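What follows draws every value from the coordinates through simple rules; no lab data is involved. What you are looking at is a predicted structure, and each value in this text was computed from that prediction instead of being measured. Every residue, glycine among them, receives a Cβ derived from its backbone with ideal geometry; neighbour counts consider all protein chains shown.
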Amino acid sequence: MRLSRVAGLAAFASMIAGAVASGQTPPTPAPTRGAAIFAERCKDCHESGDDRTPPLAELAKKSPDEIVAALTTGPMAPIAEGLSPDDKRAVAAFLTTR
Ligand code: HEC
């Protein structure tokens with residue numbers, strides 16, 4: 001009797017451990033947030049294939065700082081209006097780490 005209870009408890013404990021391990025979600029990495037911002041605010045132009053708009057591969061060659069600068073004081077500033085500094089860094093991280 002005692003033994004089976006111990007075994008039952010052990011099984012229960014390992015079930016909980018398994019649930020905790022699989023239920024843990026890693027903190028959202030910046031690229032995921034950047035990807036969402038890109039899809040929402042940038043994709044229409046930057047994946048349009050229009051020759052005046054640098055495609056993703058071109059943006060990926062820039063440094064994150066250059067992208068943040070383009071969004072803050074550069075040609076993309078009017079478009080990026082409303083994005084927080086963190087949003088800009090997230091989208092820059094997404095573009096440069098793909
Ligand atoms: C309305 C269309 C449009 C949207 C939306 C748009 N872009 Fe652009 N983007 C352009 C065009 C056109 C250029 C080229 C501008 C130039 O060379 O003067 C450009 C250039 C850039 C550049 C290069 C700037 C430089 O200094 O050479 C970056 C970086 C960039 N865009 C990032 C973004 C990001 C990030 C977003 C989303 C927040 C975005 N763009 C949204 C049209 C757009």
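Tell me which residues, restricted to region 59-98, are among the β-branched types (Val, Ile, Thr) and outside any loop (DSSP other than H, G, I, E, B).
ILE67, VAL68, THR72, VAL91, THR96
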Practice item. Would you mention how many residues in region 55-98 are touching a His at 6+ places or on another chain (Cβ under 8 Å) and closer than 16 Å to ALA36 by Cα? Key: 1
Practice item. For residues that are closer than 18 Å to GLU40 by Cβ, within 8 Å of the ligand (Cβ to nearest atom), without any contact (Cβ under 8 Å) to a residue 12 or more places away in the chain and surrounded by fewer than 19 Cβ atoms within 10 Å (Cβ to Cβ), tally how many sit in region 51-98. Key: 1
Practice item. Residue by residue through region 39-58, note down the ones that are part of a helix (DSSP H, G or I) and either under 21 Å from GLY82 (Cα atoms) or small (Gly, Ala, Ser) (or both). Key: ALA39, GLU40, ARG41, CYS42, LYS43, ASP44, CYS45, HIS46, ALA57
